[in-house]
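Everything below concerns the one structure shown next.
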Amino acid sequence: MAFGPFLLLALMEGLVTSATLALAAAGLSLVFGVMRVVNVAHGEFYMLGAVLAWAVAALVPGPPALAFLAALVVAPLLVGALAAAADGLILKRLNYDPEATIVATIGLLYMIQQATLSLYGPNANPVQAPFDWRIQLPWFGYSGYKLFVILAAGLVLLALWAFMTRTKAGLIMRATQVDRTTARAFGINVDRVYMGTFALGAGLAALAGVLIVPIQQAHYLMGGDPLLLSFIVVIIGGLGSLRGTLIAALVIGLSDGVISMFFTPTLAKILATLLVAMVLVFRPHGLFGAKA
Amino acid sequence: MALEVAGLIAGYGPVTVLRGVDFRAEPGRITCLMGRNGVGKSTFLKCLMGLVPATEGTIRLDGTALEGLPAHEVPRHGLAYVPQGRRLFGPLTVAENLAIGGLVQGNDRATLAHVLTLFPRLGERLSQVAQTLSGGEQQMLSIARALCLKPKVLLLDEPTEGLQPSMVSLIQDAIRTLTGQGVAVVLVEQRVDAVLRLADSVAFMVAGRVEETRDVKGLAADDPVFRNYVGV
């Protein structure tokens, strides 16, 4: 294949990575932005989304599209409910202390991982894509499902933006993000806002897991890479900045696609980590984050 | 029908700041709180709002007990708070700050329209981000945000601190208008001239207690009571 089509293929693969990464990182950024909690267990919510998608696909009879549609709804809801419970049982009791919640979410990470290993097992299991269309370009054929992933993630992120900027709940979340004490003085139940935010962040990660599982397979250790990349994205974009997160996800995803295709995936990770180091040195609050 | 506080004790962790505050605010009247720095004036307002938990004592508004309520429940009973330093939601617009103020009462348009007649300048800046307003406009917004709650009692913590004289008189006029509408105003203020011009009564705090309450009528700027309790 000539260089041009090869680059186009690499960019399309990068866009798929960007799409799922943007979803997962948006959840992480939202949780940090509103709650000031660095959620180390975020990757496990992504993994749970994928594993639950496999479980739902196994339980729902009929065409794969129906099972996948059910998984798209059920998995994020279940993971969101689990996150809400974790918030009430663990984070709230720690009064959302930044240091204590880091330790607590590390514990949560291992609890979720080991529980999944016990209940689901060590195997990687595939989930059938809801459809197997292929788009035939002049140089190569490309999976229609991967294009669907990009479209679906884009629509979800658009809906998230509309939710945050156009709804009363979004306004309450943004006010709480700015000043939780003053928010309380105006009748905002901050505990409830935190619970909803943690559930929403986890739900977004789970949704990313559901979307990726027909491409990657579900495995109990699959949460590590998305966690690392999500942290890279939110550090570059600026912790708590949704706009920065989306732009950084695009940059990291595309560069990951291109560098992985032309060189090696390891080099892509090394360069992303180097970029994080440079951002931390020269612009510690990220490209779009507010100065502390 | 008033705000009545009896024997209020509160503080931060092991540090007790309020040591048995007795206090009363009447509808349609402005009661100023004066005292030296660190006597507990701001802590008292925070305690009324539930932001600093009371360990002992009672807070009654129209007979309803407010002590022990979670902070987010207090505004539903008609208490609104203008904190020291404004504490606006800076990245949000003026309209969004006002909408947060009106959450408790359902953001009815009539209340917003009324608030904007008190501060017409804010009406021209509804889509402007709050942190880009001037200091005086930010203070107006802080008060307007509290008024969107349709309060029975308005607590203001040094609302004219650091403002230019024209802005100070504008804000004082607005506060006066509110008392005409039956709102009880509790005002932490350090400047004697402002207290004499604005207040109906003044409560002097010493070491976490209200030591003395006086009607402003008959008080002069050189009255020894100010020197005793405020040091001016």
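Can you name the residue in the stretch A:55-88 that is over 16 Å from A:Gly27 (Cβ atoms) and under 18 Å from the mean Cα position of the chain (by Cα) and is also surrounded by the most Cβ atoms within 10 Å (Cβ to Cβ) among such residues?
A:Ala71
How many residues, within the stretch B:8-36, are exposed (fewer than 15 other Cβ atoms within 10 Å of the Cβ), free of Cβ contacts under 8 Å to residues at least 60 places away in the same chain and either touching a Leu at 6+ places or on another chain (Cβ under 9 Å) or at positive phi (or both)?
Count: 1.
Answer yes if at least one residue in the stretch B:64-80 is more than 22 Å from A:Asp191 (Cα to Cα) and in contact (Cβ under 8 Å) with a residue 12 or more places away in the chain, and no otherwise.
yes
Counting residues that are under 12 Å from B:Ile143 (Cα atoms) and more than 7 Å from chain A (Cβ to nearest Cβ), which helices (runs of 4 or more DSSP H) fully inside the stretch B:74-125 reach at least 2?
Qualifying helices (runs of 4 or more DSSP H): B:94-101, B:109-118.
Just to be sure I understand, how many residues within the stretch A:103-132 are closer than 29 Å to A:Pro5 by Cβ and surrounded by fewer than 13 Cβ atoms within 10 Å (Cβ to Cβ)?
1
Is it true that A:Ala248 is within 20 Å of the chain's Cα centre (by Cα), part of a helix (DSSP H, G or I), more than 14 Å from chain B (Cβ to nearest Cβ) and crowded, with 24+ Cβ neighbours inside 10 Å?
The answer is yes for A:Ala248.
Condition (residue is aromatic (Phe, Trp, Tyr), at pLDDT below 95 and farther than 22 Å from A:Ala57 by Cα) applied to the stretch A:118-137: is it met by at least one residue?
The answer is no, given that none of the residues of the stretch A:118-137 is aromatic (Phe, Trp, Tyr), at pLDDT below 95 and farther than 22 Å from A:Ala57 by Cα.
Six or more apart or on different chains, Cβ atoms under 6 Å: show the pairs whose first residue is in the stretch A:106-127 and over 15 Å from A:Tyr46 (Cβ atoms) and whose second is part of a helix (DSSP H, G or I).
Listed by first residue and then by second, the contacts come to A:Asn125/A:Trp54.
Please verify whether A:Ala175 is within 14 Å of another protein chain (Cβ to nearest Cβ), within 29 Å of B:Leu88 (Cβ to Cβ), buried (at least 18 other Cβ atoms within 10 Å of the Cβ) and not aromatic (Phe, Trp, Tyr), treating the condition exactly as stated.
yes
So in the stretch A:178-198, with the set limited to residues that are surrounded by fewer than 24 Cβ atoms within 10 Å (Cβ to Cβ), more than 9 Å from chain B (Cβ to nearest Cβ) and among the hydrophobic types (A, V, I, L, M, F, W, C), which one is farthest from the chain's Cα centre (by Cα)?
So, considering only residues that are surrounded by fewer than 24 Cβ atoms within 10 Å (Cβ to Cβ), more than 9 Å from chain B (Cβ to nearest Cβ) and among the hydrophobic types (A, V, I, L, M, F, W, C), the one farthest from the chain's Cα centre (by Cα) is A:Val193.
Only one of these is over 26 Å from B:Lys152 (Cβ atoms), of a type in the set (A, V, I, L, M) and either outside the structural domain of B:Asn37 (by TED's automatic domain parsing) or part of a helix (DSSP H, G or I) (or both): B:Val168, B:Val225, B:Val195. Name it.
So the residue among B:Val168, B:Val225, B:Val195 that is over 26 Å from B:Lys152 (Cβ atoms), of a type in the set (A, V, I, L, M) and either outside the structural domain of B:Asn37 (by TED's automatic domain parsing) or part of a helix (DSSP H, G or I) (or both) is B:Val225.
The values are calculated or read from the model by the stated rules, or taken from the named source; none is laboratory data. Owing to the predicted nature of the structure, the values given are computational and were not obtained by experimental measurement. All Cβ positions, glycine included, derive from the backbone under ideal geometry; neighbour counts span all protein chains shown.
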